[in-house]
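See structure below.
The values are calculated or read from the model by the stated rules, or taken from the named source; none is laboratory data. This one's a predicted model, so the numbers in the text were calculated from it and none came from an experiment. When we count neighbours, we look across all protein chains shown, and the Cβ atoms used for this are built from the backbone with ideal geometry, even at glycine. Ligands, DNA and RNA are stripped out before the accessible areas are found, and what is left, the full protein with its side chains, is counted by its heavy atoms. Shrake-Rupley method; radii C 1.70, N 1.55, O 1.52, S 1.80 Å.
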Amino acid sequence: MIWRGEGLKIVLVPTMGFFHEGHLALMKHGRTLGDRLVVSLFVNPAQFGPSEDLQRYPRDLDRDAGLAREAGVNVLFTPSPEQMYPEGYQTYVTVEKLSQGLCGASRPGHFRGVATVVLKLFNLVQPHLAVFGEKDYQQLMIIRRLAADLNLPMDIVGCPIVRESDGLAMSSRNAYLTPEERAAALSLSYALKGAQKLAAAGEKSREKILDLVKRIITREPHTRIDYISLVHSDTLEEVDILKDEARLLLAVWVGSTRLIDNALLPEARYTCCV
Ligand code: PAF
């Protein structure tokens with residue numbers, strides 16, 4: 001990257017495209033953190049299982065390119081699968097323990113694909129800093145670990161979840177939801193809010209908190225819980241009793257769409273990108 005030689009600070013926002021306000025918030029924050037903003041748009045086959053939604057994952061390159069331009073992106077990097085994984089490709093990266101539970105348990109091989117493509121993107125773009133959303137909280141922790149373990153000379157920045165006005169966490173996969181499923185999907189953020197209130201009122205028992213979350217979600221039609229978990233914010237190890245701060249993470253099928261969401265317990269008094 002010629003910009004590096006010029007002493008300019010390069011920020012990367014890795015994405016799979018079909019931009020929504022969540023992506024735009026990452027770009028907006030990214031702009032403030034450096035001199036040049038690179039956004040990668042690559043629907044990474046290596047992070048989809050054989051029966052997952054790689055084929056139907058929403059794509060709209062023209063619209064994304066327009067939005068990226070408006071957001072002040074300097075380079076929209078759109079490699080092809082053949083460029084990223086040419087014939088004979090056989091090298092993968094695994095962040096061992098952090099990748100095993102939660103989404104890693106439901107989606108075997110997913111985080112191996114994520115860690116691999118993210119490391120490749122880092123090597124290709126050579127950013128000083130990369131920005132990721134907290135909606136994929138386990139992913140963010142895995143990438144932080146990857147960067148630390150492999151001594152990557154860069155910073156990883158996490159940004160708070162961006163929500164629709166009614167609370168639904170923004171996701172490209174929300175496009176799959178029918179109106180009834182969209183209504184049922186509200187139970188995820190509603191349940192997280194309920195858990196935050198319970199924790200703020202002094203409840204410390206994992207069982208009681210998870211029980212409330214389960215009840216709120218399962219009373220909606222179309223929902224099927226994949227997992228709900230209360231974990232230590234950094235190690236992602238399960239916590240039995242809420243002591244200081246923990247993350248409540250969940251994945252729920254709404255119809256045929258798997259949605260994820262999470263929240264800090266007790267609720268953060270302010271939000272900012274760190
Ligand atoms: O969060 C995503 O969109 C993807 O997992 C990422 C980080 C761009 C890697 O493909």
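Yes/no matrix, rows are residues, columns are (1) among the small types (Gly, Ala, Ser); (2) assigned to a loop (DSSP other than H, G, I, E, B); (3) touching a strand residue (DSSP E or B) at 6+ places or on another chain (Cβ under 6 Å); (4) open to solvent by 90 Å² or more (accessible area, probe 1.4 Å):
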{"position": "Gly30", "(1), (2), (3), (4)": "yes, no, yes, no"}
{"position": "Val39", "(1), (2), (3), (4)": "no, no, yes, no"}
{"position": "Ser51", "(1), (2), (3), (4)": "yes, yes, no, yes"}
{"position": "Leu54", "(1), (2), (3), (4)": "no, yes, no, no"}
{"position": "Leu67", "(1), (2), (3), (4)": "no, no, no, no"}
**Fill in**
Being under 18 Å from the mean Cα position of the chain (by Cα) and farther than 18 Å from Gly158 by Cα narrows Pro58, Pro50 down to just Pro58
**Request:** Report those strands (runs of 3 or more DSSP E) wholly inside segment 193-274 carrying at least 2 residues which are open to solvent by 50 Å² or more (accessible area, probe 1.4 Å).
**Result:** 223-232
**So Gly66, is it over 18 Å from the mean Cα position of the chain (by Cα) and more than 13 Å from the ligand (Cβ to nearest atom)** = yes
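Is there a residue in segment 70-79 that is assigned to a strand (DSSP E or B) and within 12 Å of the ligand (Cβ to nearest atom)?
Scanning segment 70-79, I find at least one residue that is assigned to a strand (DSSP E or B) and within 12 Å of the ligand (Cβ to nearest atom), so the answer is yes.
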**Prompt:** If the Cβ limit is 6 Å and pairs must be 6+ apart or interchain, which residue in segment 189-218 that is more than 17 Å from Val231 (Cα to Cα) pairs with which residue that is of a type in the set (Gly, Ala, Ser)?
**Reply:** Ser189/Gly167; Ile216/Ser187; Ile216/Ala191; Ile216/Gly194; Ile217/Ser187; Ile217/Ala191
**Message:** Of everything in segment 80-123, what is within 13 Å of the ligand (Cβ to nearest atom), open to solvent by 50 Å² or more (accessible area, probe 1.4 Å) and touching a residue at least 40 places away in the same chain (Cβ under 8 Å)? Give them in sequence order.
**Reply:** Arg112
**Request:** Out of the residues in segment 31-45 that are in contact (Cβ under 8 Å) with a residue 24 or more places away in the chain and more than 16 Å from the chain's Cα centre (by Cα), state the one that is nearest to the ligand (Cβ to nearest atom).
**Result:** Pro45
**Item:** Residue satisfying all of: in segment 1-21; over 21 Å from Pro153 (Cβ atoms) and open to solvent by less than 10 Å² (accessible area, probe 1.4 Å); farthest from the ligand (Cβ to nearest atom) among these
**Value:** Phe19
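Just to be sure before I move on: is Gly72 more than 30 Å from His232 (Cα to Cα) and either touching a Lys or Arg at 6+ places or on another chain (Cβ under 6 Å) or modelled with pLDDT under 95 (or both) in the structure I sent?
yes
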